[in-house]
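FYI, it's all coordinate maths here, none of it is from the lab. This one's a predicted model, so the numbers in the text were calculated from it and none came from an experiment. Neighbour counts are summed over all protein chains in view; Cβ atoms, including those assigned to glycine, are modelled from backbone coordinates with ideal geometry.
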Amino acid sequence: MEIFRLLNGPVYDSEIQKRVRKGSSLSTDVKNRRKRRSSLKRLRDKNQRDIDSSLLLNLTLDVNNLRQQVHDCIMFKTIREMRLLVAREQFQARSLRLVDNFFHIFRHGHPGTFSATEESFLSMIIPENLVVRGHRRSRVEFLELWRQYKQLFKV
């Protein structure tokens with residue numbers, strides 16, 4: 001088809017170039033304008049879709065992050081409750097053992113002299129400097145006062 005048009009067209013190169021310039025520039029400008037307008041609308045739509053999908057992705061990531069944080073908080077709360085429960089049970093067990101040892105040592109009143117294990121136990125539970133009735137007493141003085149109290153009141 002190109003050959004047929006060239007054979008029937010003008011003979012001079014200048015006329016060919018004028019027709020080519022006029023025809024191509026008009027047709028391409030119209031096409032480009034239409035394409036630009038439609039492509040601008042498409043570009044805006046595409047940009048809006050990209051913005052929406054990016055926002056949706058960010059929100060999805062935020063929601064998943066919050067879900068993970070809630071799960072972690074619940075897990076930490078459960079672990080803390082378990083630790084408190086175990087610590088409370090251990091404290092109660094230690095307290096009961098402490099009272100049991102104390103009453104085992106003093107089951108028949110003040111023994112007068114203490115064995116090495118009893119002495120270490122008493123030094124662990126009774127502080128070295130104890131304040132009784134506003135006066136500072138040592139552990140030995142406190143135990144002697146207690147022995148005198150037991151003898152005096154026959155408790």
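Details
- D (Stokes-Einstein, µm²/s), Kirkwood Cα radius, the stretch 106-155, 0.890 mPa s at 25 °C: 210
- Each label was represented as a point 7 Å from its Cα along the Cα-to-Cβ direction; for Arg67 and Ser54 these points are 2.5 nm apart.
- Each of Met124, Tyr149, His108 was placed along the dipole of the stretch 106-155 (beta-carbon charges, centred on the mean Cα), and the one lying farthest toward the positive end is Tyr149.
- Lys77-Arg136 pseudo-label distance in nm [points 7 Å out on the Cα-to-Cβ vector]: 4.9
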